[in-house]
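Notes for the one structure printed next.
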Amino acid sequence: MTLLATHRLSKDFGGVHAVRDVDLVVEPGAITAVIGPNGAGKTSLFNLLCGVLPPSSGRISFLDNDVTGWSVSRIAALGMARTFQNLELFRGLTVRENVQVGAHRHLHAGVVSAALRLPRHGRAEREASRRADQACERLGLSEVRDRLATALPYGLQRRVELARAVAAEPKLLLLDEPMAGLSGGEAATVAEMVSGLVADGLTVLLVEHHMDTVMRVSDRVVVMNFGEVLADGAPAAVQADPAVIEAYLGSDDEGAA
Ligand SMILES: Nc1ncnc2c1ncn2[C@@H]1O[C@H](COP(=O)(O)OP(=O)(O)OP(=O)(O)O)[C@@H](O)[C@H]1O
Ligand SMILES: [Mg+2]
């Protein structure tokens with residue numbers, strides 16, 4: 001079964017073809033990486049998939065539903081969660097509270113309204129609390145879960161954001177540069193944690209510039225350039241593809257070397 005598929009998905013911003021005729025297929029239970037130079041359209045693609053941006057044309061199918069034009073919250077409720085390229089944690093909330101926002105999957109979309117509407121009583125809260133604790137544990141955050149999230153070192157903050165998405169117990173998790181700004185050791189830890197989640201049945205779509213990590217953990221690599229898919233295949237095949245090498249050498253994307 002295909003988990004997610006796009007058909008000629010496109011997004012234009014004025015004259016810029018941020019995403020152009022992308023046919024992407026995501027099979028369940030694997031890590032599919034989306035790589036490409038800066039401005040290639042990776043984040044725009046994520047924003048289309050999770051409903052933040054309406055496509056200019058093309059279609060998106062997720063879990064056998066045509067979700068083209070669906071709202072963020074409706075797509076989230078069906079089972080998609082994402083993290084952001086720039087950290088978006090709530091000031092004034094603890095790690096656990098930040099993560100618990102994600103555990104209310106139906107509220108997940110409007111994170112701000114979700115934060116304001118955290119239910120204080122009842123079964124839904126207990127369930128969200130259980131999911132939050134579990135996600136904290138998966139991401140190695142149990143010991144810091146009562147600390148203010150924004151007071152933690154940057155590397156741990158990135159993991160809080162990951163835990164928040166995991167707490168939604170999604171079918172598909174979109175990670176936009178979860179290792180950005182991390183040291184080699186921290187990035188390896190995150191990679192290991194993500195691999196562990198996938199081993200337990202989660203499906204991940206990963207945008208990342210840490211090339212060695214991408215090549216090591218991904219089952220499949222999709223390369224974007226100028227909004228289009230340039231290559232799609234096994235990591236080794238993609239790495240050896242002359243068109244891919246050319247795209248990277250032709251850019252000054254240092255992270256991609
Ligand atoms: N909201 C927007 N309005 C106008 N242009 C945009 C908008 N968002 C993205 N773009 C443009 O679309 C193109 C793709 O941008 P996008 O952020 O998707 O790239 P990316 O692959 O995620 O890059 P990076 O690796 O730097 O994060 C770029 O030319 C960018 O300037
Ligand atoms: Mg981006």
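Tabulate in residue order the Karplus-calculated ³J(HN,Hα) for segment 59-73, using 6.51 cos²θ - 1.76 cosθ + 1.60 with θ = phi - 60°, rounded to whole Hz; enter x for Gly and Pro.
My calculation for segment 59-73 gives 10, 10, 10, 9, 6, 6, 10, 7, 9, 4, x, 5, 6, 4, 5 Hz in order.
In sequence order, what are the phi-derived ³J(HN,Hα) couplings for segment 186-201 according to the Karplus relation 6.51 cos²θ - 1.76 cosθ + 1.60 with θ = phi - 60°, rounded to whole Hz, with x for glycine and proline?
After applying 6.51 cos²θ - 1.76 cosθ + 1.60, I find 5, 5, 5, 4, 4, 4, 5, 5, 5, 4, x, 5, 5, 4, 8, x Hz.
Give the relative contact order (percent, whole number) for the chain; include only Cα pairs under 8 Å separated by 6+ residues.
26 percent
Give, rounded to the nearest 20 debye, the magnitude of the charge dipole that segment 19-85 has about its Cα centre when Lys and Arg contribute +1 at Cβ and Asp and Glu contribute -1 at Cβ.
Its charge dipole is roughly 240 debye.
Could you give each residue of segment 146-151 its phi-based ³J(HN,Hα) in whole Hz, using Karplus coefficients 6.51, -1.76, 1.60 with θ = phi - 60°, and x for Gly or Pro?
For segment 146-151, the Karplus-derived couplings read 9, 8, 5, 4, 6, 8 Hz, x marking Gly and Pro.
Please identify which residues in segment 192-223 have an amide N closer than 16 Å to a label point set 7 Å out from the Cα of Met1, following the Cα→Cβ vector.
Residues 201-204 qualify, since their backbone N sits under 16 Å from the label point.
Place +1 on the Cβ of every Lys and Arg and -1 on the Cβ of every Asp and Glu in segment 1-64, take the dipole about the Cα centre, and give the residue among Val52, Phe62, Met1 whose Cα lies farthest towards its positive end.
Selected residue: Val52.
Residue farthest toward the positive end of the dipole of the chain, with Cβ of Lys/Arg at +1 and Asp/Glu at -1: which of Asn225, Val16, Leu148?
Leu148
All of the numbers you see were taken from the coordinates with simple rules; none came from a lab. In this text, all values refer to a predicted model and were calculated from it rather than measured experimentally. Neighbour counts are summed over all protein chains in view; Cβ atoms, including those assigned to glycine, are modelled from backbone coordinates with ideal geometry.
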